[in-house]
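Note sheet for the following structure.
The values are calculated or read from the model by the stated rules, or taken from the named source; none is laboratory data. Because the structure is a prediction, the values reported are computed rather than measured. Note that each Cβ is placed from the backbone with ideal geometry, even for glycine, and that neighbours are counted across all protein chains shown.
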């Protein structure tokens, strides 16, 4: 019999993880709180998923969504991959039990489709050891970081870098294009040097094309992540000048109508500011 795993939340990330788990040989039971995403799913509730699969992955857009489903997952091993405040994950853990693990992901939706995700796992170590085969089914690497909440802390660190590197990549493209260089040449040549970054590589193709409609991370969703990181840093008294500067560009992207577009659209924002016409 195939090993069973559940996926609750079938958006960009959740659907990609479910597809990779199915390809890895798992029997995948899916459910989404959004009715339009339930077509073709095997279950009609989060509780039904938990009744069929001993391990359940949650990939949810908000703390409210997590609290809504957590009451149906009591006692299950839950791989909670969402980017949410730690206090909200702790609240869900009080309902589910210590088998709820804090396991946020590093990677975009495009990376999720190709199994190019990294899992930052934290929580009960016995439960973690049981989920390792599942993690290998949808990610290229995973790290166990100890006590519950450490996974989210590492995710905040990683996303701070993503926020800055994405805007810095866009800034570099706009500078080069305004100077007369071809965008494809910038991507190929600068991407082969010391100044490259993972975001330059991952989001660069969209910036070269000037097309952002195939979103791997929507600006409106990214706003939630930015808010969480900013508040976390403020509570710790840590200055984040580069992160704060990048936040203004994402806000401008929202104001310019890119809410549902990929975060690579910050390139279009900077093009407008630079009065660059391709």
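Data overview
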read-out	value
Residue check for residue 21: within 19 Å of residue 109 (Cβ to Cβ), assigned by TED's automatic domain parsing to the domain that holds residue 105, surrounded by 16 or more Cβ atoms within 10 Å (Cβ to Cβ) and in contact (Cβ under 8 Å) with a residue 60 or more places away in the chain	yes
Qualifying positions in the range 100-137 - under 17 Å from the mean Cα position of the chain (by Cα) and in a strand (DSSP E or B)	101, 102, 105, 106, 118, 119, 120, 121, 122
Every residue from the range 184-203 that is in a helix (DSSP H, G or I) and free of Cβ contacts under 8 Å to residues at least 60 places away in the same chain	184, 185, 186, 187, 188, 189, 190, 198, 199, 200, 201
Any chance residue 180 is modelled with pLDDT of 95 or more, surrounded by 14 or more Cβ atoms within 10 Å (Cβ to Cβ) and assigned by TED's automatic domain parsing to the domain that holds residue 252	no
Residues being touching a strand residue (DSSP E or B) at 6+ places or on another chain (Cβ under 9 Å) and either part of a helix (DSSP H, G or I) or closer than 26 Å to residue 15 by Cα (or both) - total across the range 138-179	19
Candidates 108, 81 - the one that is buried (at least 20 other Cβ atoms within 10 Å of the Cβ) and in contact with a strand residue (DSSP E or B) (Cβ under 7 Å, 6 or more places away or on another chain)	81
Residues (over 15 Å from residue 66 (Cα atoms) and not in a helix (DSSP H, G or I)) located in the range 7-29	24, 25, 26, 27, 28, 29
Yes/no for residue 223 being more than 16 Å from residue 170 (Cα to Cα) and touching a helix residue (DSSP H, G or I) at 6+ places or on another chain (Cβ under 8 Å)	yes
Scope the range 242-278; condition free of Cβ contacts under 8 Å to residues at least 24 places away in the same chain, part of a helix (DSSP H, G or I) and over 13 Å from residue 167 (Cβ atoms); matching residues	255, 272
Whichever residue in the range 30-53 is touching a helix residue (DSSP H, G or I) at 6+ places or on another chain (Cβ under 8 Å) and in a loop (DSSP other than H, G, I, E, B) and, among such residues, is nearest to residue 68 (Cα to Cα)	33
From 132, 118, residue being closer than 21 Å to residue 27 by Cβ and assigned by TED's automatic domain parsing to the domain that holds residue 18	132
Selected residue (criterion: farthest from residue 160 (Cα to Cα)) from residues of the range 68-99 that are in a helix (DSSP H, G or I) and in contact (Cβ under 8 Å) with a residue 60 or more places away in the chain	69
Hits in the range 119-154 (condition: free of Cβ contacts under 8 Å to residues at least 60 places away in the same chain, on the phi < 0 side of the Ramachandran plot and touching a helix residue (DSSP H, G or I) at 6+ places or on another chain (Cβ under 8 Å))	119, 120, 121, 122, 142, 143, 144, 145, 148
